2 protein chains.
Amino acid sequence: MKTILILGAGLSASSMIRYLLQNADKYDWNLRIVDQDKSLVEKKINGHKRAVALDFNALVPNERRPEIGHADLVISMLPARFHLEVAKDCIELKTDLITPSYISPEMRALHNEALSKGIIIMNEIGVDPGIDHMSAMKIIDEIRDKGGEVTSFKSFCGGLIAPESDNNPWHYKFTWNPRNVVLAGQGGAASFIHNAEYKYIPYYRLFDRLDRIEIEDFGKFEGYPNRDSLSYRETYGLENIPTLYRGTLRRPNYCKGFHVFAELGMTDDSYKLYQSEKITPRAFLNAFLPYRKGISLEEKFKIFLREDRMYLYDQFEWLGIFEKDETFGIPNASPAQLLEKLLVRKMSLEDNDKDMLVMYHEFEYLFKGEKRKIVSSMINIGEDEVYTAMSNTVGLPVAICAKMILTGKIQEKGVTLPVNKLVYEPILEELKAFEITFEEHESIIED
Amino acid sequence: MKTILILGAGLSASSMIRYLLQNADKYDWNLRIVDQDKSLVEKKINGHKRAVALDFNALVPNERRPEIGHADLVISMLPARFHLEVAKDCIELKTDLITPSYISPEMRALHNEALSKGIIIMNEIGVDPGIDHMSAMKIIDEIRDKGGEVTSFKSFCGGLIAPESDNNPWHYKFTWNPRNVVLAGQGGAASFIHNAEYKYIPYYRLFDRLDRIEIEDFGKFEGYPNRDSLSYRETYGLENIPTLYRGTLRRPNYCKGFHVFAELGMTDDSYKLYQSEKITPRAFLNAFLPYRKGISLEEKFKIFLREDRMYLYDQFEWLGIFEKDETFGIPNASPAQLLEKLLVRKMSLEDNDKDMLVMYHEFEYLFKGEKRKIVSSMINIGEDEVYTAMSNTVGLPVAICAKMILTGKIQEKGVTLPVNKLVYEPILEELKAFEITFEEHESIIED
């Protein structure tokens, strides 16, 4: 019998818990799950005899340590900033650990300690990061194995709304933490490399510097640059690649509209607005536009938008940005907090809405003197409001990885991420059964 | 006999030390001066028998405390972040203190302690902050005393190059810490109030949101908003004023040009550029412009500038931004560091150059049913490269304040700034002898 300890049972844990419970009898697993909201856990395990909802605070070392000590594997779905402390406990107590989050420098520094204790700390094994690494490495390894040389890699991912539920002019609904969506891209410039030239895009030009892609049957998307593309050269073993670019996908007009918010200054989270509790959407907009006597706010906003972006006007009107009857009612709020409330009011998932996860890779490589291109794309639609595409694509790789560790299929130790063929190949294979499948197209580039 | 301890003898201390030495015999003062560069102090005191250059590290508490304990007054010209620790020592050792810097919240919190020890900690008594407070309060008090009501106050200040030394297309040279000039306005939005509407300008629109002013015999200036205008309502006792705005003055085209740097992302100090030591001015510019095959960097930059700003092109060419022969040679540099080097190379003071300090206030007020306007402006030209306008306007108010404290003319105690008539009136009066004089014009506003 093996014991799996799960810390945190939020949105993206649903699909993972379902998978583990479905396999619990077969592999003789017991799940011990804790969340600050115990009823959430009880709902997700729904009386299954292989699982128990625990009653402690996972953020308190002395409360979680006895549980970690008795577990064979810990899965931390806590907010990313808590993984490091959990990892230190796992090392001390010699328990394997999985997290779906980015490896922080502090986490990376634990590698040798984890190795010496003979445990694995697997990170970045959700969707982005996670499936992006695995699906990219599969193609990169294939190109390398046959003697090709990757010269360009562009990769995009986005958590969006399914076409059947897409009924607003922004073509977006929050399928993930709204605060993170509002603050996306802030803090330093986006950096990438293009034909051996380093490029830096400051935040306030980010949503204006777009790549356009199209996916058969799903139409058009636009991608804005992620903050850091350059560190992926090392992750993927592509140290000398001339072009490497990663971006986030949205539907057309979302980015151009969001760029207006950034330009106005509404996404700023670094200061508080005076008397913010009294601010209406209308006053919020007016605070970022110049004072002008005798013209309406609508006119002032049109002047700010400029003629060439006037097609965005309706999107803003639909958001209720000119409304003056209700205040946000948040004291001591930053602009970003008011913007979040404005957006969440109109862009939240409705009953029966389904979400959509889109991933898109574009490789160029040289092979026997020929320039070739591989496009690989994956679209996953959520099942319902619990087993969303986000929950499936984040939770299933974690769950499959847990199975592989517990059954000895993964022998790797130390602080790692899923770029090893022995790890990504079986996971990608099994994900196909859940309709998480990549379509690949290869073509020859004519100069 | 009284002992004045001066911590820090940098640029703006020259005029202050000269004034104190010229008055030392008359008032029986001895000056004890310390700077990390002792030869700098020796040069400034030039053998005067009333002054001694000390040999300790002012940043080390145990080294400075005995000196503070023996002094009657401390003047801290250290970088602003060190004033707090010095103030704590002064409270403990019951020694009065003057600093030209802004009162930090931590400094303000020392008010009651300073009061209970019976000492004064006078801050914000340079030029900006300093002369701006004093010259503004003089007019505000005058309007109030006669029963008027201030409805609008706009205030601008700038450290510039004198017309006779203005020989570059940016009409600017560094007369102050270049790093501060490059980073000016960063961190949070500029906030002010205009006709009772709060306004917030994000950093990347700051240098594009300009006020134009003109001063007789000196021509045109442009002002960009300072970060925080709103806190001055309390400072000046203008809590309910509908319009309050503070800005920084530059000559026309400087701000529009600097806006291009901000827009490109070149003023960012929050991250490091890859392989920065190898970057040339040309590569630096290219890093912030898109990759395009077959067109020159000059053409790409023109596209970025847009037709309506093409008049700025020559300014950038003059800076050498297209040069490709020399690298900056700074390892691990932020964009802001490279930009600073680019600017300093071409915009530093040359031999015999003189600087210029400009201050400009514009008040509107209601008086007996009439709307009136007062414009008050001051222009000071530096004497030479040591007794600059910056050194005179920062150092002389400090020195005069020191005299007033030591002679008992200032009886105020606690953590304060010069907004009290008993303080600002004699200082403004004495500054006239140094050609630091305000021209006032009053007019009636016709609706």
Rounded to a whole number, what % of the accessible area of the protein assembly as shown do carbon and sulfur atoms account for, probe 1.4 Å? 47
Once the mean of 1/r over all distinct C-alpha pairs in the range A:1-143 is inverted, the Kirkwood radius in Å reads 15.7
Return the aspartates and glutamates within reach of B:Lys368: Cα separation strictly under 17 angstrom, same-chain partners fewer than 8 residues apart disregarded; answer none if there are no such residues. B:Asp141, B:Glu142, B:Asp145, B:Glu149, B:Glu442, B:Glu446, B:Asp447
What does the convex hull of the alpha-carbon atoms of the range A:96-174 project to on average, in nm²? 8.9
Straight-line reach from B:Lys371: which lysines have Cα under 28 Å away, leaving out those fewer than 8 places along the same chain? A:Lys293, A:Lys300, B:Lys138, B:Lys146, B:Lys154, B:Lys199, B:Lys220, B:Lys421
Is any helix in chain A, taking whole DSSP H runs, at least 20 angstrom long along its axis by alpha carbon and on average at least -1.0 on the Kyte-Doolittle scale, and which ones? A:131-145, A:389-406
Hey, can you list the residues from the range A:161-201 whose accessible area shrinks by 10 Å² or more with all protein chains present, relative to the chain by itself (probe 1.4 Å, no ligands or nucleic acids)? A:Gly188, A:Ala189, A:His194, A:Asn195, A:Glu197, A:Tyr198, A:Lys199, A:Tyr200
To check you understand DSSP bridge types, tell me what percent of the beta bridges within the protein assembly as shown (both residues inside) are antiparallel, rounded to 5. 60
Averaged over all viewing directions, the convex hull of the alpha carbons in the range A:298-447 casts a projected area in nm² of 17.0
Restricting things to alpha carbons, find the Rg to Rh ratio for the range A:283-385 using the Kirkwood radius for Rh. 1.19
Taking B:Ile444, A:Ile436 and ranking on accessible area (1.4 Å, protein atoms only), highest first, one gets B:Ile444, A:Ile436
Along the Cα-to-C-beta direction of B:Arg292, a point sits 7 Å from the Cα; which residues of the range A:197-215 have their amide N less than 16 Å from that point? A:209-210
Kirkwood Rh, angstrom, the protein assembly as shown [1 / mean 1/r, Cα pairs]: 31.4
Cα centroid distance between the range A:218-281 and the range A:400-425, in Å? 32
Could you compute how much accessible area chains B and A hide from each other, both sides summed, with a 1.4 Å probe? Nearest 100 Å² is fine. 2800
Rounded to 5, the percent of DSSP beta bridges in chain B classed as antiparallel: 60
Sum of side-chain charges, A:Ala287 neighbourhood, beta-carbon under 12 Å (Lys, Arg +1; Asp, Glu -1): +2
Would you work out the relative contact order for the range A:133-206, in percent, from Cα pairs under 8 angstrom that are 6 or more residues apart? 16
Explain nothing, just the number: relative contact order of chain A, from Cα pairs under 8 Å at least 6 residues apart, as a whole percent. 21
Position B:Asp217, label points 7 Å along Cα→Cβ, spacing to each other copy in nm (shortest first, one decimal): 8.1
Result for chain A: accessible area per residue, probe 1.4 angstrom, in square angstrom, of 43
Hydrodynamic radius of the range A:185-306 per Kirkwood, over alpha carbon pairs, in Å: 17.0
Hydrodynamic calc, chain B: Kirkwood Rh from Cα pairs, then Stokes-Einstein at 20 °C with viscosity 1.002 mPa s, so D in µm² s⁻¹ is 91
Cβ-Cβ cut-off under 11 Å around A:Gln186, Lys and Arg +1, Asp and Glu -1: the net charge is -1
Which distances, in nm and shortest first, link the A:Asn352 label point to the same label point in every other copy, taking 7 Å along Cα→Cβ? 8.6
If the reach is capped at under 16 angstrom between alpha carbons, list the lysines near B:Lys117, excluding any in the same chain fewer than eight residues apart. B:Lys88, B:Lys94, B:Lys413
Percent relative contact order for the range B:45-116, counting Cα pairs under 8 Å at least six residues apart, stands at 26
What residue of chain B has the nearest C-beta to the axis that moves B onto A, and what is that distance in Å, given as a whole number? B:Tyr204, 2
Given the options A:Glu412, A:Glu326, A:Glu435, which has the most mean-square fluctuation in a GNM of chain A, springs set between C-alpha atoms less than 10 angstrom apart? A:Glu326
13 Å beta-carbon shell around A:Lys373, net charge (K/R +1, D/E -1): -4
Residue among B:Ser104, B:Ser12, B:Ser376 with the largest mean-square fluctuation in a Gaussian network model of chain B, springs linking Cα atoms under 10 Å: B:Ser104
For chain A, with a Gaussian network of springs between Cα atoms less than 10 Å apart, report the residue from A:Lys354, A:Lys272, A:Lys94 with the top mean-square fluctuation. A:Lys272
At A:Ala196, with labels set 7 Å past Cα in the Cβ direction, how many nm apart are the copies from this one, shortest first? 6.4
Counting only the heavy atoms of the protein chains, how much of A:Thr267 is accessible to a 1.4 Å probe, in Å² to the nearest 10? 0
Loop sites in the range A:137-227: GluC sites (Glu not before Pro), DSSP, at most 10 other Cβ within 10 Å: A:Glu216
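The values are calculated or read from the model by the stated rules, or taken from the named source; none is laboratory data. Source: prediction; values computed, not measured. Positions of Cβ are generated from backbone atoms using ideal geometry, with glycine treated the same way; all protein chains shown enter the neighbour counts. All accessible areas refer to the heavy atoms of the entire protein, side chains included, with ligands and DNA or RNA removed. Shrake-Rupley method; radii C 1.70, N 1.55, O 1.52, S 1.80 Å.
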